[in-house]
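Peer 1: Okay, handing you the structure first.
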Amino acid sequence: VGHGQQSRQRADPPGDGEQRVDGGAQEEGAERAQPQAGGRSREELLELDEHYHEELMRLSGNAEMLRVLQNVNARIRFVRWVDMERRDRSQSQKVHREVLLALKARDAQRCKNLMSSHIDRRREDIAAALKEGFAQLLQLN
């Protein structure tokens, strides 16, 4: 599957009439989705990373935010695909584990702080990757 294609169907979170599973099972799903390099391709790492973030969003029970996240993921997939190879994943992995631990501890403030700093850092990483990519394209011409 190429970097611009989706290789799995995405399930929506429970609707208003359905009961959400609280905690355990869903948190374990997000934990299993955490990307570990282990010889995986960029495509596999990207899919696992998107799945991890979407599982966290599913925990919120907010179907609209899940759709927004999926839309953003689709729009930046190529940049994230390129970025998978150029950066050290250990920091993101560490933050992903810390978020899961904070969720299990029901520490909302810690979750908020961790996720905010992670999003800010990744936004900066992606902006730097875009600048680098554009610079390389300009050098080719």
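The values are calculated or read from the model by the stated rules, or taken from the named source; none is laboratory data. Worth saying up front: this structure is predicted, and the values here are computed from it rather than measured. Methodologically, a virtual Cβ is constructed for each residue, glycine included, from the backbone with ideal geometry; neighbour enumeration extends over all protein chains shown. Remember, those area values only see protein heavy atoms, side chains included, never the ligands or the DNA or RNA. Shrake-Rupley method; radii C 1.70, N 1.55, O 1.52, S 1.80 Å.
Peer 1: I'd like the FRET efficiency for Leu130 and Gln109, computed as 1/(1 + (r/R0)^6) with the beta carbon distance as r and R0 of 22 Å, rounded to 0.05.
Peer 2: 0.10
Peer 1: Can you tell me the FRET efficiency between Trp81 and Arg123 if r is taken as the Cβ-Cβ distance and R0 is 22 Å, rounded to the nearest 0.05?
Peer 2: Plugging the Cβ-Cβ distance into 1/(1 + (r/R0)^6) gives 0.85.
Peer 1: In addition: Heads up, I need the accessible area for Leu103: 1.4 angstrom probe, whole protein in place, Å², nearest 10.
Peer 2: 40
Peer 1: Oh, and also: How far, in nm, would the chain grow between Gln93 and Gln139 when pulled straight, counting 0.36 nm per residue and subtracting the alpha carbon separation?
Peer 2: 13.2 nm
Peer 1: What is the range 62-141 by shape, rounded, prolate or oblate, if you read a ≥ b ≥ c off the alpha carbon gyration tensor as root eigenvalues and call it rounded for a/c under 1.5, prolate for a/b larger than b/c, and oblate otherwise?
Peer 2: prolate
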